[in-house]
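Data block below; observations after.
Just so it is clear, none of the values below were taken in a lab; they were calculated from the coordinates. The model shown is predicted, which means the values in this text are computed figures rather than measured ones. Glycine also receives a Cβ, built like all others from the backbone with ideal geometry; neighbour counts cover every protein chain displayed.
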């Protein structure tokens with residue numbers, strides 16, 4: 001027997017409504033006495049449970065109101081389809097008809113959401129009592145989930161199929177409907193910026209040509225508050241301190257297939273910063289040191305992020321100076337007559353509060369110590385809100401948790417606080433399958449297995465296998481970030497790499513093992529110490545190759561000690577808009593093995609945002625040198641090759657070259673330098689397309705050989721010659737991965753250099 005619940009919630013209620021009370025309930029005002037109460041009709045629910053819910057005493061006076069209350073309790077229990085109270089002399093008969101038991105729950109008509117996803121949404125359960133009200137709520141929850149996916153026209157109807165033994169199958173019939181797209185987003189009250197400019201600010205996007213790949217062009221009500229905040233943040237970052245969103249009006253088309261959203265806004269006046277000062281209200285604390293950290297400039301447009309950046313810098317200085325209980329209080333005074341804001345950073349004495357303890361909850365795999373070591377604050381230390389927030393960011397940055405909340409609450413006394421860390425773990429292991437393409441390397445595939453929280457200890461274990469047309473590699477990596485319980489990073493890697501004629505007329509093979517230790521020496525600087533042992537092989541050098549390469553064919557063992565000094569301003573984050581980095585590295589080969597070289601490299605770089613943070617500017621300068629000692633001479637696997645150091649040329653396209661050889665081999669060089677500048681910026685397309693443009697200029701050189709007599713006894717010119725190239729880039733974030741198109745043109749080169757005017761790279765994981 002099949003029983004359909006009708007269309008919608010109303011039909012469901014009426015089809016299985018609780019029956020109205022039937023029976024002859026005494027209506028007289030006089031109380032009645034029932035010597036016994038009998039329950040009839042119950043099969044699954046025990047009699048004692050029915051009597052307990054009824055809650056009417058036996059052998060005592062009962063008023064009509066008490067009897068009706070008992071009836072209501074049974075009806076409201078959700079256990080019975082019908083309930084009757086029938087007096088028979090001194091006996092009260094309770095006749096019930098139970099709701100059936102849910103045999104199974106199924107879904108029909110769903111294609112966009114699978115059964116497993118829907119099963120997580122519904123609260124009705126098999127082998128439990130069927131409740132129509134819960135089925136209604138489940139149907140509504142499924143419809144809401146579809147609405148969040150942009151399918152507002154989705155309809156969900158529950159129905160039941162009667163089975164033997166007072167059982168039913170609960171079926172949710174789903175009509176998914178079409179995606180409800182956002183046809184238009186418009187604004188009322190905007191004068192400073194066009195609708196097009198403001199639409200780029202929002203998370204919500206209009207449906208466009210790429211609607212198949214863009215999910216933000218579907219209407220999601222929960223996204224509206226975020227859009228309001230994004231608009232507010234944008235306007236206030238441009239100086240409109242009084243900006244507010246007065247209202248948002250979403251309107252749906254009659255066909256329910258499109259939405260029209262209108263934002264009603266009030267821009268207000270545009271303010272500039274007026275007087276800016278830093279004062280100290282704490283005896284003995286000099287405000288001048290803190291004033292140096294301010295990034296607010298008189299006459300610049302008001303921007304709350306600049307104020308927040310200045311406060312963070314000042315709080316960091318307070319931490320570095322060991323000053324506890326210091327508050328940085330921004331005091332803003334409006335001057336409407338000239339549209340300026342006076343700003344005072346006031347150093348005030350905060351309440352003397354100490355950390356009583358740090359509680360960690362929610363971690364089942366990750367050890368407490370992995371989380372606790374992200375806190376520089378320990379029990380008994382002065383409570384510093386900035387340091388706690390920094391620690392919270394470090395916990396989130398681990399990548400081990402789907403959510404990490406750090407909150408404080410009052411401790412055992414007013415001057416004590418308890419720091420509570422509540423985390424929600426997420427899978428930290430990943431299996432990646434990837435594909436790549438490069439003009440020079442061709443098509444490649446890779447497989448990688450990585451566990452970032454090995455055994456819950458915060459260790460990283462990785463296995464990698466990759467192959468391309470002429471390039472194959474395999475490796476294993478292990479990292480212990482807190483070796484011996486200290487801020488000491490231990491790393492171990494083993495790699496196997498081989499190439500077959502990759503941008504050359506020879507094959508190579510390399511087997512490398514490298515342990516390392518890395519530790520901090522300042523807030524922004526770290527040093528890595530390492531030992532490397534490798535076996536390198538040069539083989540299959542063709543007869544048309546340079547005599548130098550033919551003479552270098554063979555195998556060499558390298559044993560080297562090295563270090564790297566890394567300085568990165570992002571470690572402290574004093575200036576979030578600009579990042580500086582410097583790297584200096586040296587490797588000393590000769591502690592055994594065949595190689596006797598000193599290899600030195602250095603790199604300095606800066607990255608900053610400009611023009612309202614819409615443009616990213618990058619600049620780098622790097623150089624390297626190889627010196628030999630004893631009677632050792634470098635070979636092709638020691639020497640530098642340009643790679644991507646100077647774009648516009650092939651990876652082995654510049655540097656000394658044996659022009660007397662048939663294939664005019666590139667030989668690499670013992671020295672190189674390069675300077676690169678790049679700008680990445682929007683090109684006017686909607687942000688949701690994920691397309692940006694770029695311009696770059698590269699300058700550099702590669703030179704220097706230990707042996708210069710090439711094929712036929714002809715000397716190889718190994719002098720330093722400068723190369724330069726300019727180019728344009730297109731960055732496109734696609735569903736299959738990020739693509740980068742480079743178009744370049746050499747401005748300065750040698751006749752024998754090998755140019756590369758176009759390059760395409762793509763990387764994806766699935």
Residue order, fewest to most surrounding Cβ atoms within 10 angstrom, among 120, 500: 120, 500
Simple spin-label estimate for residue 544 and residue 51 in nanometres, 7 Å along Cα-Cβ: 10.3
Difference of contour (0.36 nm per residue) and Cα-Cα distance, residue 591 to residue 194: 136.3 nm
Degrees, to the nearest 10: 64-76 long Cα axis against longest axis of the chain: 30
Two-site FRET efficiency, residue 36 against residue 144, from Cβ-Cβ distance with R₀ of 45 Å, rounded to 0.05: 0.40
Diffusion constant of the chain at 37 °C, which comes from Stokes-Einstein with the Kirkwood Cα-pair radius and 0.692 mPa s, µm²/s: 98
Cβ-derived FRET efficiency at R0 45 Å, residue 115 paired with residue 500, nearest 0.05: 0.40
Net lengthening on full extension, residue 758/residue 69 (0.36 nm per residue, minus Cα-Cα): 239.7 nm
Relative contact order (%) - criterion: Cα under 8 Å, at least six apart; region: the chain: 6
Degrees between helix 304-320 axis and first principal axis of the chain (Cα, 0 to 90, nearest 10): 70
Sequence ranges 172-184, 351-363, 478-490, ranked by mean other-Cβ count within 10 angstrom, highest first: 172-184, 351-363, 478-490
Net lengthening on full extension, residue 91/residue 707 (0.36 nm per residue, minus Cα-Cα): 210.2 nm
Degrees, to the nearest 10: 385-397 long Cα axis against longest axis of the chain: 80
Semi-axes of the equivalent ellipsoid for region 67-199, Cα gyration tensor, largest first, Å: 46, 21, 9
Pairs of alpha carbons in region 272-349 whose separation is greater than 15 Å (percent): 51
Virtual paramagnetic centre 7 Å along Cα→Cβ of residue 602, amide N under 16 Å, in region 642-664: none
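Under the rule of -39500 (n - 2.57) per DSSP H run of 4 or more residues, summed and divided by the residues of the chain, what mean residue ellipticity at 222 nm is obtained, to the nearest 500 deg cm²/dmol?
The helix-only estimate for the chain comes to -4500 deg cm²/dmol at 222 nm.
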Cβ-derived FRET efficiency at R0 45 Å, residue 513 paired with residue 275, nearest 0.05: 0.15
